[in-house]
Structure formats: C-alpha cells, structure tokens
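K.L.:
Here's a structure for you.
The values are calculated or read from the model by the stated rules, or taken from the named source; none is laboratory data. Note that the coordinates shown come from a computational prediction; the quantities given were computed from them, not determined experimentally. Quick reminder, even Gly has a Cβ in these numbers, built from the backbone with ideal geometry, and neighbours come from all protein chains shown. What goes into the accessible areas is simple: the full protein's heavy atoms, side chains included, and nothing from ligands, DNA or RNA. Shrake-Rupley method; radii C 1.70, N 1.55, O 1.52, S 1.80 Å.
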Amino acid sequence: MSNPLQLKSLNHISIVCASLEKSVEFYVNVLGFSPIKRPSSLDFNGAWLFNYGIGIHLLQSDDPQGMPKTTPINPKDNHISFQCESTVAVEKKLQQMEIEYVKSRVEESGIYVDQLFFHDPDGMMIEICNCDNIPVVPLSENKVRSCSRFNCNIPNRHPQIQQMIPM
C-alpha cells in the first residue's frame with residue numbers, strides 16, 4: 001500500500017469543549033483516558049489525555065455559549081470509534097451511568113459487528129464496537145490485513161471470512 005506522507009499512526013484528535021472540566025471528567029471516567037502533561041508553551045486552556053495508543057486534546061472554547069447544539073444520536077454522523085471486548089458489558093455500564101445511547105448492528109457474510117453510539121458532553125459522537133470481528137480486506141489486493149485482536153490467517157477460524165476474501 002502507498003504511504004506518500006510516511007505516516008505511522010493516529011496520534012491524537014482535538015475536541016473543542018464548552019466546559020473543559022466536564023469533558024475531562026467524561027473522557028477519564030467514562031472512556032478511561034488518563035490526563036498527561038501538556039507543553040507549558042501552550043497559552044490557552046486545555047487538557048491532554050492518553051490511552052489505547054491515541055491522545056485526545058481537549059480545548060476550552062473561547063465562546064462556550066456559541067458551541068453547536070447537541071443533535072440526536074445518529075450513527076451516520078461524524079464520530080470516533082473504540083473497540084471493546086464486550087458490547088454487552090459496555091451497554092450495561094452505559095445504563096448504570098445513565099448515558100443515552102443508540103444500538104446498531106452490521107452484518108457481513110454472517111459476521112456481526114455490534115455498535116453503541118453516544119455523545120460526549122459537547123455532542124461529539126462516540127462509538128463503541130466489536131469492529132475487529134470483520135477482517136480488513138483491501139479492495140486493491142488479495143492480501144488480508146488483520147485487525148488488532150483478530151488473526152485472519154488462522155485456518156478455519158471463521159469460514160465466513162473465506163467467502164469475503166477475493167481469490
């Protein structure tokens with residue numbers, strides 16, 4: 001595959017917040033991120049968080065009242081997605097936390113991906129899924145690329161996958 005910019009990985013996403021304190025609490029207590037040190041040269045209010053190999057940079061809005069209003073949860077809207085071990089466990093935890101969410105399911109050749117969508121305090125859509133159930137199959141090659149926990153090269157592990165791979 002081509003890599004014209006020699007990229008290595010996703011480093012971070014930045015999210016503008018109406019309330020930095022509420023957003024930090026959400027990303028730490030709901031999604032499990034940890035605060036990390038920000039460069040002292042940054043002369044604006046914000047917080048850096050890290051977990052799962054990526055960073056989230058929260059930026060305090062200069063105009064909190066002018067932030068876009070939260071819209072209804074729509075799985076087809078912009079979102080960031082995290083893989084999980086068990087969507088059942090995540091759903092139970094969201095219910096305990098009284099976080100509104102929408103469930104969705106995707107099917108491909110008998111393989112299912114369960115998805116849960118919800119908003120952060122500012123309406124940023126979050127998806128939690130078992131997306132690594134479906135192998136990453138490039139359209140331009142016959143090679144299968146594995147997802148993070150799923151080894152597509154194990155014979156007969158999922159016969160449905162063989163149907164998805166162009167020969």
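K.L.:
To the nearest 0.05, how large is the calculated FRET efficiency for E85 and Q6 if R₀ is 35 Å and r is the Cβ-Cβ distance? Don't skip to the answer; put the middle values down first.
P.N.:
Numbers: r = 33 Å, r/R0 = 0.93.
After rounding to 0.05, the efficiency reads 0.60.
K.L.:
In whole percent, how big is the carbon plus sulfur part of the accessible area of region 1-79, probe 1.4 Å, protein atoms only?
P.N.:
It is 55 percent, rounded to a whole number.
K.L.:
Also, quick follow-up: So if we plug the beta-carbon distance of I111 and I36 into 1/(1 + (r/R0)^6) with R0 = 45 Å, what FRET efficiency do we get, rounded to 0.05?
P.N.:
Computed FRET efficiency for I111 and I36 comes out at 0.80.
K.L.:
Please compute the contact order of region 1-117 in relative form: average sequence separation of alpha-carbon pairs under 8 Å and at least six residues apart, divided by the residue count, as a percent.
P.N.:
RCO, region 1-117: 21 percent.
K.L.:
On to the next question. Here is the link list: K69/K93; K37/K76; K8/K92; K8/K76. Which ones come out longer than 29 Å on Cα distance?
P.N.:
Pairs exceeding 29 Å: K37/K76; K8/K92.
K.L.:
I would also like to ask the following. On a full-extension model of 0.36 nm per residue, what is the gain between I54 and K103, subtracting their alpha-carbon distance, rounded to one decimal in nm?
P.N.:
Going from the current span to full extension adds 15.2 nm.
K.L.:
Which FRET efficiency, nearest 0.05, do N45 and V136 yield, Cβ-Cβ r, R0 25 Å?
P.N.:
0.05
K.L.:
Can you report the principal axis dimensions of region 1-97 using only the alpha carbons, biggest first, rounded to whole angstrom?
P.N.:
Principal axes ranked by extent give 44, 42, 26 Å for the Cα atoms.
K.L.:
Still on this structure, please answer the following. Could you report region 2-51's accessible area per residue, 1.4 Å probe, as an integer in Å²?
P.N.:
70
K.L.:
Between K76 and Q95, with labels modelled 7 Å along Cα→Cβ, what's the label distance in nm to one decimal, could you check?
P.N.:
Modelled inter-label distance: 2.9 nm.
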